[in-house]
């Protein structure tokens, strides 16, 4: 057995060894596509899709809170009928 195979078969407590490498997950087409998409986005300087979605959701939430605060502010400034 080669040294590379031996390090892949070591248990989780064996990471003190500088040559330790965790075992690779089984090959999966979905993971391959995900990895290639992520690398492409990073090389183009784009935020990954998950980050972009989180940013879009944050901006939408901030807009909603801003409009709600302005609405509350305008309600407080209105003169109350006597």
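FYI, it's all coordinate maths here, none of it is from the lab. What you see is a predicted model; the values in this text were computed from it and never measured.
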Over the range 25-82: Rg over Rh, Cα atoms, Kirkwood Rh: 1.45
Contour minus Cα-Cα distance for residue 54 and residue 72 (0.36 nm per residue): 3.8 nm
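What does the extension gain come out to for residue 42 and residue 17, with contour length at 0.36 nm per residue minus their alpha carbon separation? Show your work: numbers first, answer last.
Values: separation 25, 0.36 × 25 = 9.00 nm, distance 3.13 nm.
The span from residue 42 to residue 17 would gain 5.9 nm if fully extended.
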